[in-house]
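The values are calculated or read from the model by the stated rules, or taken from the named source; none is laboratory data. Keep in mind that this is a model prediction, so the values were computed, not measured. Here the Cβ is made from the backbone with ideal geometry for all residues, glycine too, and neighbour counts use every protein chain on show. Accessible surface is based on the protein model in full, side chains and every heavy atom, while ligands, DNA and RNA are left aside. Shrake-Rupley method; radii C 1.70, N 1.55, O 1.52, S 1.80 Å.
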Amino acid sequence: MPSAQELQASGAEHWEQWQLRKEQDRVEDLHQLLQDAQEQLRSQPENDQLQQVVQEIREELDEAQRACEDLQFLLLEQECQQKKEEEDGLGTDMLDPHAQELQTSKPELCHQIKCLEENLNLQEEDVAAQSLAQGWEMEEAPQEKTQK
């Protein structure tokens, strides 16, 4: 299920795509309007008011084209960021088979280590007890000779 942040980003992306389509339509309309105005200007080259209209349409068309380019760039940036995040997510979520095997066997290995440590402690206690017993036997042997 997508997170709220992902839904928000998706909604923003859809809005920006809608905005881009709207700007592209505006560019097309302005381009057509400019062509029509330029044709009229060819037939009426001395019409100052028509020259002013053609200049204003050009400026508006340039502005609309820049807005389209900005939106296209923004959408490309978002797409690249999304792909990067997906790749980063895949890198952490999908471990190689050896790492997965180690991760699943970790609890068992920890249990084995604990058992081995306990066995080692028991063996050390046994060795210490045997050493102590041998030390007593050695002390008792000379005492038995002196008592006989």
- prompt: Is there any pair linking a residue in region 98-112 that is touching a residue at least 60 places away in the same chain (Cβ under 8 Å) to one that is surrounded by fewer than 10 Cβ atoms within 10 Å (Cβ to Cβ) and among the polar types (S, T, N, Q), with Cβ under 6 Å and at least six apart or on different chains, and which?
  reply: none
field: Exclusive hit being within 26 Å of Gly11 (Cβ to Cβ), of a type in the set (D, E, K, R) and either open to solvent by 90 Å² or more (accessible area, probe 1.4 Å) or in a helix (DSSP H, G or I) (or both), set Glu125, Glu69, Glu60
entry: Glu69
- request: Could you tell me whether Asp25 is of a type outside the set (S, T, N, Q), over 25 Å from Gly11 (Cβ atoms) and either assigned to a helix (DSSP H, G or I) or open to solvent by 90 Å² or more (accessible area, probe 1.4 Å) (or both)?
  value: no
field: Filtered residues of region 28-57 (kept if open to solvent by 80 Å² or more (accessible area, probe 1.4 Å) and in a loop (DSSP other than H, G, I, E, B))
entry: Gln44, Glu46
- prompt: Hey, Glu85 hits all of (1) within 20 Å of the chain's Cα centre (by Cα); (2) open to solvent by less than 90 Å² (accessible area, probe 1.4 Å) but one; which does it fall short on?
  reply: (2)
